Amino acid sequence: MLCLIGVCYVSTESDNSGKIFRVTTVCLGLLCVLLLTAIIVQSVYYNITIKDSVKKWNNLLQSFSLYKTNATTEIDQLQTKLSVIEKHVQEEWRYFESSLYFLSTEQKTWDESRQDCQNREADLVIINSEEEQRFLYKLNMRVWIGLTDKDEERTWKWVDGTVLTTGYWGSGQPDNSGSHEDCAEIFIWGKKPLESWNDLNCETKLNWICEKMLNNP
């Protein structure tokens, strides 16, 4: 306390210093809290980011492993198919669009021809597309195919039991001439591959074509 001319003054320097100290302390405390909060938020963010990156990396590794397995399987399957094709080609089979075809060098009835195909673990050919029909026509030979209406007249069925939906009959065919023409052949006439089927007596002796699906070697 300071007294001048009878008047006394109380010094407030210590009080001001105390207030400044308290304010400074509070500010530093708040700053520390904010800094700690920022560190925690940053830590959580990086933790989530790292976990997400690890998850993506694991997914990538799994995808690569699956791709490698699938690729290995496909390569093995391809090698197996190539081996099967090579083996059958050496036995005078022909390959076309995932099927193998055997063209006989002798002639037999329709039933005998089918039996020969079955002995070869195949069957008389079933024609599923225009491309396949053109391929067979280019063999340039009259041949039995796996089509008959022996079970029910005019209901033509393939040897696997399916009913014929798309046919490549020649003009006026099938005509069941003589009431005994229950088996189908490819007949080479007029250079019209899409109009070359003919119904014929099943006891007629012709060459034939066997078909074996490549996935059933």
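The values are calculated or read from the model by the stated rules, or taken from the named source; none is laboratory data. All figures in this text were calculated on a predicted structure; none of them were measured in a lab. All Cβ positions, even for glycine, are placed from backbone atoms using ideal geometry, and neighbour counts span all protein chains on display.
The lone criterion from (1) free of Cβ contacts under 8 Å to residues at least 40 places away in the same chain; (2) surrounded by 17 or more Cβ atoms within 10 Å (Cβ to Cβ); (3) under 29 Å from Ile85 (Cα atoms) left unmet by Thr166 is number (2). Provide a single number: the residues in the stretch 112-159 that are under 23 Å from Asn215 (Cβ atoms) and of a type in the set (Phe, Trp, Tyr). Residues in the stretch 112-159 being under 23 Å from Asn215 (Cβ atoms) and of a type in the set (Phe, Trp, Tyr): 2 in total. Under the condition of being among the charged types (D, E, K, R) and in contact with a Phe, Trp or Tyr (Cβ under 6 Å, 6 or more places away or on another chain), the residues counted in the stretch 118-172 number 2. Within the stretch 180-214, the set of residues being of a type in the set (Gly, Ala, Ser) and under 16 Å from Trp156 (Cβ atoms) comprises Ala184, Ser196. Arg142 meets all of the listed conditions (1) over 36 Å from the mean Cα position of the chain (by Cα); (2) at positive phi; (3) not polar (S, T, N, Q) but one, namely (2). Out of Glu195, Glu132, one residue alone is charged (D, E, K, R), surrounded by 15 or more Cβ atoms within 10 Å (Cβ to Cβ), modelled with pLDDT of 95 or more and in a helix (DSSP H, G or I). It is Glu132.
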